[in-house]
Amino acid sequence: MNRRMWLVLAAAIAGWSGAARAQISYRVGTAEALRGQKANGFLEVPKGVDGALGIPVIVVNGARPGPVLALVAGAHGTEYASIIALERVGAVLDPSLLAGTLVIVPLLNTASFEQKVPHLNPVDGKNMNRFYPGNEQGTQTERAAFVITKEIVERCTYLIDYHGGDLDESLRPYSYWAPTGNEEQDRISKEMALAFGINHIIIWRDRPKDPAATKYLDNTAAARGKPSLVVEAGHAGTTEVNDVELLVTGTISTMRALKMLPGPPLPIENPVWLEKTVEVASEKTGIFYPLVLRSGYVAAGEKLGYVTDYFSNTIYTARAPVAGIVMHICAVPSMKQGDNIAVIGVPAEKAP
């Protein structure tokens with residue numbers, strides 16, 4: 001065999017090897033897993049106007065081909081229950097049972113987590129679930145959103161975004177289902193919401209429509225044709241077993257509904273559908289005293305709590321603007337003017 005034939009053969013073998021590897025491996029950032037294996041690594045957000053960021057990522061590549069499901073938590077780094085839940089999913093899931101690929105981002109906002117800062121990324125003071133689809137030239141939050149959009153959202157088939165009660169939020173579990181008008185996409189996302197098993201589901205109709213200004217992670221996926229879901233469990237920064245287990249078992253049930261794991265899903269049969277939520281903000285700065293509990297029903301006009309000055313004088317009384325369910329109530333005494341006191345969910349007249 002002459003030299004030219006050897007070169008042609010070598011090129012063919014190299015091309016075949018690359019194609020075969022592409023078919024049996026999945027890589028996100030520095031995490032690359034062959035079929036039937038797991039891999040850990042980091043999704044790198046390059047340095048820009050502020051520092052670089054390494055986002056932890058777990059790739060579980062199933063033994064059989066199938067869809068790609070992305071699970072993302074920790075946009076708010078002190079919503080601990082969801083972070084712990086995804087860490088556990090990554091640890092216990094057996095890739096030999098999996099059809100398709102699971103991409104897990106258990107902690108997006110590492111600075112918030114490490115510094116115990118609720119709601120925001122302390123590096124740039126921005127909410128890491130309000131700047132999608134991101135900006136490659138922006139601050140760290142915007143650059144992270146850009147990388148997540150390109151490397152996670154645009155490559156996945158389905159997406160679930162995990163949240164919960166932050167340090168100042170006493171929250172009851174609920175999920176968001178956001179219909180898009182695409183019948184098949186909405187059917188699948190609704191099936192995901194029911195399969196997850198959280199018994200209160202908010203119908204989120206008021207969503208940004210422009211794919212270039214989607215704002216939220218799940219909406220970024222939905223605007224790109226990917227069925228998506230938001231789930232919330234955990235309250236006031238706690239990691240109670242019931243909340244963590246609800247998120248873990250809900251994830252497994254949803255993966256069964258998507259035919260990624262064997263066995264039947266365990267969907268909620270009679271969910272409480274909520275047509276909208278109404279936020280109540282404080283009109284004063286002072287010390288907050290709640291008068292209701294999460295999950296409780298309130299009538300329109302009912303007292304939710306009150307704010308005093310630093311001498312025990314009541315300066316503001318918060319009342320429910322509508323009748324409904326307390327989805328969360330402020331969990332701490334600290335209160336500034338404009339801060340969230342409560343969110344009320346209004347039950348829908350009929351199921352969608």
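The values are calculated or read from the model by the stated rules, or taken from the named source; none is laboratory data. Quick caveat: nothing in here was measured; it's all calculated off a predicted structure. Cβ coordinates were reconstructed from backbone atoms using ideal geometry, including for glycine residues, and neighbour counts include every protein chain displayed.
Please count how many residues of the range 128-155 are of a type outside the set (Phe, Trp, Tyr) and more than 14 Å from the chain's Cα centre (by Cα). Steps first, answer last, please.
First, the residues of the range 128-155 that are of a type outside the set (Phe, Trp, Tyr): 128-130, 133-145, 147-155.
Filter again for more than 14 Å from the chain's Cα centre (by Cα), leaving 133-144, 147, 150-151, 154-155.
Looking only at that region, the number is 17.
Could you check how many residues of the range 34-80 are within 20 Å of Tyr216 (Cα to Cα) and either touching a His at 6+ places or on another chain (Cβ under 9 Å) or assigned to a loop (DSSP other than H, G, I, E, B) (or both)?
Total meeting the criteria: 7.
Within the bounds of the range 258-269, is there any residue that is of a type in the set (D, E, K, R), in the same structural domain as Asp206 (by TED's automatic domain parsing) and at pLDDT 95 or above?
yes
Per-residue answers, yes or no, for (1) surrounded by fewer than 20 Cβ atoms within 10 Å (Cβ to Cβ); (2) among the acidic types (Asp, Glu); (3) outside any strand (DSSP E or B):
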residue	(1), (2), (3)
Tyr289	yes, no, no
Val292	yes, no, yes
Val307	no, no, no
Ser312	yes, no, yes
Thr317	yes, no, no
Val326	no, no, no
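Return yes or no: is Glu44 among the charged types (D, E, K, R), surrounded by fewer than 22 Cβ atoms within 10 Å (Cβ to Cβ) and closer than 28 Å to Asp168 by Cα?
Values: among the charged types (D, E, K, R): yes; surrounded by fewer than 22 Cβ atoms within 10 Å (Cβ to Cβ): yes; closer than 28 Å to Asp168 by Cα: no.
No; evaluated as a whole, the condition is false for this residue.
Pick from the range 117-144 the residues that are assigned to a helix (DSSP H, G or I) and either outside the structural domain of Ala85 (by TED's automatic domain parsing) or without any contact (Cβ under 8 Å) to a residue 24 or more places away in the chain (or both): which of them is nearest to Arg294 (Cα to Cα)? Reasoning before the result, please.
So the first thing to find is which residues in the range 117-144 are assigned to a helix (DSSP H, G or I), and the list is 140-144.
Going one step further and asking which of them are either outside the structural domain of Ala85 (by TED's automatic domain parsing) or without any contact (Cβ under 8 Å) to a residue 24 or more places away in the chain (or both), we end up with 141-142.
Values: Thr141: 31, Glu142: 33 Å.
Result: Thr141.
On the basis of being crowded, with 24+ Cβ neighbours inside 10 Å, in the same structural domain as Arg256 (by TED's automatic domain parsing), touching a Pro at 6+ places or on another chain (Cβ under 6 Å) and on the phi < 0 side of the Ramachandran plot, does Leu108 make the cut? Walk me through how you get there before you give the answer.
Working: crowded, with 24+ Cβ neighbours inside 10 Å: yes; in the same structural domain as Arg256 (by TED's automatic domain parsing): yes; touching a Pro at 6+ places or on another chain (Cβ under 6 Å): no; on the phi < 0 side of the Ramachandran plot: yes.
For Leu108, the condition - crowded, with 24+ Cβ neighbours inside 10 Å, in the same structural domain as Arg256 (by TED's automatic domain parsing), touching a Pro at 6+ places or on another chain (Cβ under 6 Å) and on the phi < 0 side of the Ramachandran plot - is not met.
Suppose the filter is hydrophobic (A, V, I, L, M, F, W, C), crowded, with 24+ Cβ neighbours inside 10 Å and closer than 28 Å to Gly48 by Cα; does Leu71 pass it?
Working: hydrophobic (A, V, I, L, M, F, W, C): yes; crowded, with 24+ Cβ neighbours inside 10 Å: yes; closer than 28 Å to Gly48 by Cα: yes.
Yes, satisfied.
Among the residues of the range 146-174 satisfying the criterion of being under 21 Å from Tyr26 (Cα atoms) and among the aliphatic types (A, V, I, L, M), which is surrounded by the most Cβ atoms within 10 Å (Cβ to Cβ)?
The selected residue is Ile160.
Which one of the conditions (1) buried (at least 21 other Cβ atoms within 10 Å of the Cβ); (2) in contact with a Ser or Thr (Cβ under 9 Å, 6 or more places away or on another chain) does Pro179 fail to meet, given that it meets all the rest?
In the conditions (1) buried (at least 21 other Cβ atoms within 10 Å of the Cβ); (2) in contact with a Ser or Thr (Cβ under 9 Å, 6 or more places away or on another chain), Pro179 misses (1) alone.
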